[in-house]
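Every number in this text was worked out from the coordinates using simple rules, so none of it is lab data. As the structure is a computational prediction, the values presented were derived from the model and not from experiment. Cβ placement follows ideal geometry from the backbone for every residue including glycine, while neighbour counts extend to all protein chains displayed.
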């Protein structure tokens with residue numbers, strides 16, 4: 001059964017490049033690199049966050065309530081429509097994070113969210129988690145609203161897990177995980193997001209490390225940061241479309257054969273219908 005349930009406390013830190021390089025050397029001596037790490041010690045996570053038309057979930061989250069929740073589709077890398085992904089509910093109550101997820105085919109995930117009807121049961125799915133997601137869909141009338149992806153390095157030691165996210169990118173168009181891995185940067189170049197996740201207490205060697213580098217936990221949410229800066233997405237979208245058009249025109253001009261004098265000749269006679 002492709003289901004995972006996590007209950008743990010999470011602390012987040014923003015690092016610069018020099019601090020990251022110093023800390024990662026020490027962590028390598030105490031912790032084990034996650035098996036998911038594939039390219040230069042990193043792997044890519046892509047997400048579609050779901051929310052209401054008027055962004056109820058993220059607005060509530062930014063108000064720092066005692067309890068908050070979110071729903072997302074998560075994949076590793078760029079999936080195809082037939083690929084298996086994860087549908088996740090992430091809840092936080094008084095600092096304790098509870099994450100419940102189940103495996104699901106990407107097309108089924110899209111249909112589930114849009115129709116609110118649980119898809120046909122698969123052996124690897126957890127029906128309890130599916131029921132909880134269905135309740136949340138009815139409660140809020142959710143839909144995919146933003147894509148967020150990042151490159152992650154993860155290390156673990158017993159119940160301690162530390163992740164480093166870099167190249168965090170986001171977009172509010174092309175809202176499909178299968179469309180590709182691109183978006184505007186969410187953090188400044190050279191910044192890293194370190195997340196420390198533990199079920200109980202932190203080991204003393206790590207507490208001393210935080211003290212040595214004078215690191216203090218911050219309140220940070222990728223979706224929250226994206227929402228606070230979402231106006232920048234319009235400019236990125238415009239630049240993205242222009243760049244894409246320029247590439248397509250360049251490819252057409254490089255075609256061999258008869259010279260093309262008009263790229264869109266049908267525009268000359270808009271009154272003629274094509275049957």
Once both labels are modelled 7 Å past Cα along the beta-carbon direction, what's the residue 191-residue 132 spacing in nm?
3.1 nm
Would you mind checking the stretch 70-99 for residues with the amide N under 13 Å from a putative spin-label position 7 Å along Cα→C-beta of residue 217?
93-97
Please list, by residue number, everything in the stretch 11-26 whose backbone N is under 16 Å from a paramagnetic label point 7 Å out along Cα→Cβ of residue 205.
23-26
Give me the angle, in degrees from 0 to 90, between the Cα long axis of helix 17-30 and the longest principal axis of the Cα atoms of the chain, rounded to the nearest 10.
50 degrees
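Under the definition of Cα pairs under 8 Å and six or more residues apart, what whole-number percent is the relative contact order of the chain?
Reported as a whole number, the value is 24 percent.
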Helix axis angle, 127-140 relative to the chain longest principal axis, alpha carbon, degrees:
70 degrees
The percentage of Cα-Cα pairs in the stretch 47-127 separated by more than 17 Å is 51 percent
So how tilted is helix 106-115 from the main axis of the chain? Cα-based, degrees 0 to 90, rounded to 10.
90 degrees
Rounded to the nearest 500, what is the 222 nm mean residue ellipticity of the chain from helices alone, with -39500 (n - 2.57) per DSSP H run of 4+ residues and division by all residues?
-9500 deg cm²/dmol
Could I get the Rg over Rh figure for the chain? Both from C-alpha atoms, Rh via Kirkwood, rounded to two places.
1.04
